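These notes concern the structure reproduced below.
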Amino acid sequence: METDENSGTIDIFDFSMTRVAPPISADKHGDFLNASWDGKNFNNSYVSNGVYFCRLKTDRKEYWTKLIMINIK
């Protein structure tokens, strides 16, 4: 995400708005905040296929988006 913030935290929630993974740090690289998630939950297992909500919190704002998890094996 393009922003003038230097860092933030990403939280991932399932459809019932239950947090499914530990918070993820987002750090600034160039003009963008970057982060990655390995798709694993608190038990170190991959989350189920489906829609998840992501919240990026910075010092000044919150941003929300959705992601779709599809595990292909």
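Between Cys54 and Met69, the distance separating the two model label sites (each 7 Å from Cα on the Cα→Cβ line) works out to 1.3 nm. About its Cα centre, the range 1-61 has a charge dipole of approximately 240 debye under the convention of +1 per Lys or Arg Cβ and -1 per Asp or Glu Cβ, with nothing else charged. For the range 18-73, the solvent-accessible area of protein heavy atoms averages 74 Å² per residue (probe radius 1.4 Å; ligands and nucleic acids excluded).
Between Asn6 and Asn44, the FRET efficiency from the beta-carbon distance, with R0 = 35 Å, is close to 0.75.
In the set [x] 12.9; [y] 13.3; [z] 11.8, which value of Kirkwood radius over Cα pairs in Å was calculated from the structure you see? Given [x] 12.9; [y] 13.3; [z] 11.8, the structure-derived one carries the label [x]. Carbon and sulfur together cover what percent of the accessible area of the chain at a 1.4 Å probe radius? After summing per-atom areas, the C and S share lands at 49 percent.
Phi-derived couplings, Karplus 6.51 cos²θ - 1.76 cosθ + 1.60 at θ = phi - 60°, listed residue by residue for the range 27-43: 10, 7, 9, x, 8, 10, 8, 10, 7, 9, 10, 7, x, 9, 8, 4, 8 Hz, with x used for Gly and Pro.
The values are calculated or read from the model by the stated rules, or taken from the named source; none is laboratory data. The model shown is predicted, which means the values in this text are computed figures rather than measured ones. Counting neighbours? That spans all protein chains shown, and the Cβs are built from the backbone with ideal geometry, glycine included. Areas reflect the complete protein model, heavy atoms only, side chains present, ligands, DNA and RNA absent. Shrake-Rupley method; radii C 1.70, N 1.55, O 1.52, S 1.80 Å.
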